[in-house]
Amino acid sequence: CSGERRKQSEFTMSNWQPAPDALNEVVALLQASTVPDNAIQQQSYQRLNQYSVQPEFHLYLLHVFAHHPEIGVRQVAGLLLKKSIKNMYHNLSPDMQTHMRTSILSLLTDPHPKIRSTAGLLLTTVVQVLVTFDQCPEMIPGLLHYLQDAANESGVEGAFGALTKICEDHADKLNDQRLASRPLDALIPIFLQYFNHPRPEFRRDALNCMNQLILIMPTALDLNIDAFLQGISHLTQDTSSPVRKLVCQSIVILLEVRMQVLMPHFTPIVQFILHASNVRLDPDETVALEACEFWSSICDLPPELFNDVKPLLSHVLPHLIPLLLSRMVYSPEDIAQFELEEDEQNENVPDRPEDIKPIFHKSKHAADDDASDDNDSDDEEDDTGDDDVEQWNLRKSAAAGLDTLSHSFGVDILPILLPLLQERLANTGGHWAIRESGILALGAIAEGCMDGVVPHLPTLFPYLLTLMNDPAPYIRSITCWTLGRYANWAVSLNDHENV
């Protein structure tokens, strides 16, 4: 292969063609890298790595990625090309760099979705290694061209595949004030137009790009903020769950970076979030999970901002608190998994430390305290755990929402919450998961509502102690956690015998 290659200075890209023998060798090595024989794979990768130091080799990879008839071989060439761009891009001549960028850009319209996706990934990698978009002047105009030609859906899909990754990873470069032209001045109006596109995938991608840009709030978005708010208002009724999920995300991000623009629309926003959080109205749990983040985010606003919305939130507490409580029950999928493990959770076997570790949430307030006290952080156990079922989920998000509400409204939530808790804790004839959610809620409000709960603790504490022997292991687990939340009260009684 190396004998067929010409030195970088001896050719121009205008008439470059791969040497047939060298091309065949590269293809053979790419094919060998995918065979199920580890020794052959290692040998082929070793040869490919040896060739990778030669600039022209990357043109061969690009040629295979663009033209080879086998999709699998093209994919392998594309993945190696990504590595090449990271490691060797700046060693290529300007002509080679331009040829590589324009070729990859053209592949965003390839008939095969996997190739379009890989091409988008390659463009993102080019952006990663460059300092500024001025070093790739054809990229943004090329992407805009595809978005403006809405009839060419392959091109639109490819362009959004690239732009989604670029906005996620390199929004700051798009907003670089040193650029001769401002890419976002052209991109943002087009993203907004795609909010009304008939294909839900394009509406999703356009909104996803916008959400990444909210975080940096560029001037172009600031100038179009009213159009953006109108757009997401329209998308609250979207039939696509991924789109509605991103609408919830938009609102949560705006809460954090530009709360004031939401104030004129706050009442309909809260109604939408309530709707999205309700399984009876929006059965998609991914939407509900994103919606539940709203309640924690709004309660964590600085006091001067939260006080503006607190009266409005107070009016929805009778609807919100039962809703959050309903979302704190383990999902049917979780319960099915637990029941499969029931033999291993025998109540006659002593609980191990990991058995009584609750599946809850890391209170933001506790997390803030941990961050301010590094000396204690190593001694504290991470509530989130490592198991798959302990990943962030709707139950945890709802519990975190109730936690933050208890800090923001204090005992004012108890007239609504306590009757619901009493009903759940007394539900001895129903499914254990209902009682478990009540115990979880009681623990969640411990810090924020302690003064209002204390009068009930002489009755509640002995009841919780009896649950330490409950047949359901997850009742025992959450009871341990909730008892710990009220341990200071128990110790303060100075009744050492009963404690």
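The values are calculated or read from the model by the stated rules, or taken from the named source; none is laboratory data. Computed from a predicted structure; not experimentally measured. Reconstructed Cβ throughout: ideal geometry from the backbone, glycine too, with neighbour counts over all protein chains shown.
A few remarks follow.
- Candidates 286, 239, filtered to the one that is without any contact (Cβ under 8 Å) to a residue 60 or more places away in the chain, surrounded by fewer than 18 Cβ atoms within 10 Å (Cβ to Cβ) and within 20 Å of residue 327 (Cα to Cα): 286
- Only residues that are within 20 Å of residue 318 (Cα to Cα) and among the charged types (D, E, K, R) were counted across segment 410-450, and they come to 3.
- Of the residues screened, residue 205 is not one that is charged (D, E, K, R), farther than 21 Å from residue 253 by Cα, at pLDDT 95 or above and buried (at least 18 other Cβ atoms within 10 Å of the Cβ).
- Filtering 350, 322 for residues that are modelled with pLDDT of 90 or more and of a type outside the set (Gly, Ala, Ser) leaves a single hit, 322.
- Scanning segment 103-117 for residues that are of a type in the set (Val, Ile, Thr) and surrounded by fewer than 22 Cβ atoms within 10 Å (Cβ to Cβ) yields 109, 115.
- Qualifying residue in segment 57-67 (condition: within 22 Å of residue 115 (Cβ to Cβ) and free of Cβ contacts under 8 Å to residues at least 12 places away in the same chain): yes
- Selection from segment 289-315 of residues that are among the hydrophobic types (A, V, I, L, M, F, W, C) and surrounded by fewer than 16 Cβ atoms within 10 Å (Cβ to Cβ): 305, 306, 312
- Whichever residue in segment 84-102 is more than 17 Å from residue 141 (Cα to Cα), of a type in the set (Ser, Thr, Tyr) and touching a residue at least 40 places away in the same chain (Cβ under 8 Å) and, among such residues, is surrounded by the fewest Cβ atoms within 10 Å (Cβ to Cβ): 93
- Some residue of segment 189-201 being crowded, with 21+ Cβ neighbours inside 10 Å and closer than 18 Å to residue 127 by Cβ: yes
- Residues of segment 418-429 that turn out to be more than 35 Å from the chain's Cα centre (by Cα) and not polar (S, T, N, Q), as a count: 4
- Matching option when the condition is of a type in the set (A, V, I, L, M, F, W, C) and modelled with pLDDT under 95, among 227, 171, 180: 180
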